[in-house]
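Undergrad: Dumping the structure here so I can ask a few things about it.
The values are calculated or read from the model by the stated rules, or taken from the named source; none is laboratory data. The structure displayed is predicted, hence computed values, not measured ones. Neighbour counts are summed over all protein chains in view; Cβ atoms, including those assigned to glycine, are modelled from backbone coordinates with ideal geometry. Side chains included, ligands, DNA and RNA excluded: accessible areas come from the protein's heavy atoms. Shrake-Rupley method; radii C 1.70, N 1.55, O 1.52, S 1.80 Å.
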Amino acid sequence: MNCSSQMSRNGVFRIGALTSQFHCVPLTFSNLSVKLEFPSVSKRSTTDRSILIMHILIAEDDAPVAKFLSGGLEAEHYDVRVATSGDQIRLMVEEWTCNLLILDLKLPGMSGLEALRQVRSIKPHLPVLILTGSARVEDRVDGLDSGADDYLTKPFAFSELLARVRALLRRSSLPFEPVLHSSDLELDRVRHVVRRKERNIELTPKEFALLEYLMLNAGTDVSRSSIIHDVWKLSSDTMTNVVDVYINYLRKKIDSDASNRLIHTVRGAGYRIGSRAQSSR
C-alpha cells in the first residue's frame, strides 16, 4: 500500500497526505527505531511462564502506517513486529510465536489474500484482522472466506482497532492466561487493567510490563539481570538501577495502602511477587 497516514483529533485513522498532526496522538514512539529492526526469531525464552505480553505481527509495507500502528499498539503494552512482504509474513509466522496478525491486503510481491492462505496453512488458529482501504462487500467476503477472523475498513478509529484486537485475542485458541492473580492483585493482560481489591491502579507501559513479568513468575525469585533482559530488552550485564527504580514505583502504587505487601526483595537474588515465609521487606 503506497499511501501515507494521519490521525485526526477525534482519533480517526485516515489515508492521505502525511502531516505533522502525530503530536496530537497520545502514543509512544520512543522505541520505534528498535521495533523496525524486527529479528525473525524472538529472543525471549519459549517457556510459557516467560511470555511477557501478547505479540502482534503487522503486515504493512507503508512505513508511516506501520509506524503509526506499531507505536499505538506498543503504547497499549503489546509487543509488535512488522513484516513488509508476503515472504516476510510466512517466515515470521513460522519462527515467531505471535498471538495476532494484522494484515493489509496491498503487499508487494504477493497479495494479502495469498499471504493469508499461506498463514492458514502454517497456523490455522492464528487470529487475523484484515485492514484495507476497499469498502467493496466482495473484498470483505473474499478476505473472510480466505481465513480472516475480522475485517476493518480505512479510515477507522484507533479505539475501534484496539477493541477488535482485544476481542480477537480473547477468542484466540493459543495457550494464554488472560488474567493473572497474586493474592488480591489482578492484572488483565487483554484489557490492560490492574486492580487490587476494588481499587484501579494506573500504570505506565513499562510498569505494566514489569508487573506482568513478576506475576507470570509468581512464586519464583526473579533476578535483576533477567528483568533487564526480558522487560527492558537490554543486555543482562547492563549496569543500571532502572529495575530498582521501577520496583519502587510499583510498590508505591500497589503496596503503599495495603496491609499485606506483595512485592518482596530477595537478598542476593532479585525480587519476588506474592507472600513469602521469609522476605527482606
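Undergrad: Which numbered condition in (1) free of Cβ contacts under 8 Å to residues at least 40 places away in the same chain; (2) open to solvent by 70 Å² or more (accessible area, probe 1.4 Å) is the only one that Lys123 fails?
TA: Here Lys123 meets the rest and fails (2).
Undergrad: Starting from residues that are hydroxyl-bearing (Ser, Thr, Tyr) and surrounded by fewer than 16 Cβ atoms within 10 Å (Cβ to Cβ), keep the ones in the range 225-236 and report whichever is modelled with the lowest pLDDT.
TA: Filtering first and then ranking leaves Ser236.
Undergrad: Can you find even one residue in the range 160-176 that is farther than 23 Å from Leu129 by Cβ and hydrophobic (A, V, I, L, M, F, W, C)?
TA: Taking every residue of the range 160-176 in turn, none turns out to be farther than 23 Å from Leu129 by Cβ and hydrophobic (A, V, I, L, M, F, W, C).
Undergrad: In addition: Report the residue count in the range 196-219 for those that are free of Cβ contacts under 8 Å to residues at least 60 places away in the same chain, of a type outside the set (Asp, Glu) and assigned to a loop (DSSP other than H, G, I, E, B).
TA: 5
Undergrad: Pick from the range 253-266 the residues that are closer than 17 Å to Glu198 by Cα and over 23 Å from the mean Cα position of the chain (by Cα): which of them is surrounded by the fewest Cβ atoms within 10 Å (Cβ to Cβ)?
TA: Ser259
Undergrad: Can you tell me which of (1) of a type in the set (A, V, I, L, M); (2) out of contact with any strand residue (DSSP E or B) (no Cβ under 8 Å at 6 or more places or on another chain); (3) within 24 Å of Leu73 (Cα to Cα); (4) modelled with pLDDT of 90 or more is the one Val245 doesn't meet?
TA: (3)
Undergrad: Right, something else. So which residues in the range 152-182 are open to solvent by 30 Å² or more (accessible area, probe 1.4 Å), charged (D, E, K, R) and either touching a residue at least 40 places away in the same chain (Cβ under 8 Å) or in a loop (DSSP other than H, G, I, E, B) (or both), if there are any at all?
TA: Of everything in the range 152-182, those that are open to solvent by 30 Å² or more (accessible area, probe 1.4 Å), charged (D, E, K, R) and either touching a residue at least 40 places away in the same chain (Cβ under 8 Å) or in a loop (DSSP other than H, G, I, E, B) (or both) turn out to be Arg171, Glu177.
Undergrad: Within the range 183-195, can one find any residue that is closer than 20 Å to Asp255 by Cβ, open to solvent by 60 Å² or more (accessible area, probe 1.4 Å), polar (S, T, N, Q) and without any contact (Cβ under 8 Å) to a residue 24 or more places away in the chain?
TA: No, the range 183-195 contains no residue that is closer than 20 Å to Asp255 by Cβ, open to solvent by 60 Å² or more (accessible area, probe 1.4 Å), polar (S, T, N, Q) and without any contact (Cβ under 8 Å) to a residue 24 or more places away in the chain.
For (1) touching a Lys or Arg at 6+ places or on another chain (Cβ under 8 Å); (2) over 20 Å from Lys252 (Cα atoms); (3) surrounded by fewer than 18 Cβ atoms within 10 Å (Cβ to Cβ), each residue gets a yes or a no:
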| position | (1), (2), (3) |
| --- | --- |
| Glu198 | no, no, yes |
| Glu202 | yes, no, yes |
| Phe208 | no, no, no |
| Ser223 | no, yes, yes |
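Undergrad: Report, by residue number, each residue of the range 83-93 that is in contact with a helix residue (DSSP H, G or I) (Cβ under 6 Å, 6 or more places away or on another chain) and open to solvent by 70 Å² or more (accessible area, probe 1.4 Å).
TA: Within the range 83-93, Arg90 is the sole residue that qualifies.
Undergrad: If I ask for residues that are open to solvent by 10 Å² or more (accessible area, probe 1.4 Å) and in contact with a helix residue (DSSP H, G or I) (Cβ under 8 Å, 6 or more places away or on another chain), which ones from the range 109-120 would you list?
TA: Matches in the range 109-120: Gly109, Met110, Ser111, Leu113, Glu114, Gln118.
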